[in-house]
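Since every read-out is calculated from the coordinates, none of them should be taken as a lab result. All values derive from a computational prediction rather than experimental measurement. Cβ atoms come from the backbone with ideal geometry, glycine included; neighbour counts cover every protein chain shown.
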Amino acid sequence: MVKRLALITGGTSGIGLGAARKLAPSCDLALAYAGNHERAEKARQEFEALGVHAEIFARPLGSYEDAGELLEQVKSSYKRSPDILVNSAGSIHDGFFMTTDFAHHEKIIREHLVVTMALCHLTVKGMYGNKFGRIVNLSSISGSYAKRGQTSYAAAKAAITGFTKTLALEVAHRGITVNAVAPGLIATPMTEGIMQFLEKDPKRTIKKVVPAGYAGTTEDVGSLIAFLCSDEARYITGALMVIDGGRSLGDPGS
């Protein structure tokens with residue numbers, strides 16, 4: 001039986017890799033990454049050792065054109081369109097809105113929002129024709145839980161939530177589900193600096209900012225993403241699934 005094809009951006013590290021590991025038993029994998037070739041090859045070899053068909057695609061993503069070129073590479077390699085799309089690529093660079101160059105904010109918006117919309121626009125056409133598709137877009141609790149220095153990131157993630165809900169409404173009748181996942185503090189290469197800061201500051205330890213008392217793992221988020229991509233989740237669409245150990249609920253107290 002031919003496995004479903006999952007295209008995962010940011011798929012060789014962090015949450016993207018966590019999702020890939022959970023999808024690997026049931027999917028062929030197309031893993032896109034920005035530029036860390038050594039890490040990408042390590043991920044590919046990991047899946048190869050497990051007997052999983054996984055290919056890596058070096059493609060920095062910042063525009064519709066970039067997204068289109070990535071999809072063409074994937075289709076050329078696999079001779080088919082993705083059945084599953086996980087949009088998890090994007091960087092984060094905190095900075096106060098009025099003191100950072102506006103080009104910085106435009107870059108964040110392009111990487112997170114524009115690329116997510118572009119890949120959805122490009123892949124949903126094939127899903128529409130096949131009457132099946134699973135799309136999971138990475139949002140964040142930052143889209144509704146304000147944190148200083150993240151104006152552009154918060155704007156992009158909040159917009160992704162609204163976009164996800166509306167796209168879900170438009171394509172639900174064709175067997176396509178579109179959902180968003182909003183992680184909180186997850187231990188990834190991107191959050192390494194935050195983790196180190198919290199470990200050094202006794203007033204803001206992880207236990208004091210996350211009610212569960214610990215940071216989540218990429219496997220935690222990957223498991224949720226894999227479920228949303230499964231047949232068991234066929235009746236879930238347009239949802240925003242928060243996975244943050246309770247952080248967005250409020251101050252856990254002392």
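Descriptive notes on the structure:
- Residues located in region 226-249, provided they are assigned to a helix (DSSP H, G or I) and in contact (Cβ under 8 Å) with a residue 40 or more places away in the chain: Ala226, Leu228, Ala233, Arg247, Ser248
- One residue from Ala67, Ala89 being part of a loop (DSSP other than H, G, I, E, B) and either of a type in the set (Lys, Arg) or surrounded by 22 or more Cβ atoms within 10 Å (Cβ to Cβ) (or both): Ala89
Yes/no per residue for (1) surrounded by fewer than 20 Cβ atoms within 10 Å (Cβ to Cβ); (2) in a helix (DSSP H, G or I); (3) on the phi < 0 side of the Ramachandran plot; (4) touching a residue at least 12 places away in the same chain (Cβ under 8 Å):
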| residue | (1), (2), (3), (4) |
| --- | --- |
| Glu72 | yes, yes, yes, no |
| Lys75 | yes, yes, yes, no |
| Pro82 | no, no, yes, yes |
| Met98 | yes, yes, yes, no |
| Cys120 | no, yes, yes, yes |
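- First in region 145-159 and touching a residue at least 60 places away in the same chain (Cβ under 8 Å), second anywhere and small (Gly, Ala, Ser) and surrounded by fewer than 22 Cβ atoms within 10 Å (Cβ to Cβ), Cβ under 6 Å, 6 or more apart: Tyr145/Ser248; Tyr153/Ser142
- Per-region count, region 1-39, residues among the basic types (Lys, Arg) and either buried (at least 24 other Cβ atoms within 10 Å of the Cβ) or outside any helix (DSSP H, G or I) (or both): 2
- Residue in region 45-62 that is polar (S, T, N, Q) and closer than 20 Å to Ile15 by Cα present: yes
- Some residue of region 132-152 being more than 25 Å from Asp244 (Cα to Cα), in contact with a Leu (Cβ under 7 Å, 6 or more places away or on another chain) and surrounded by fewer than 20 Cβ atoms within 10 Å (Cβ to Cβ): no
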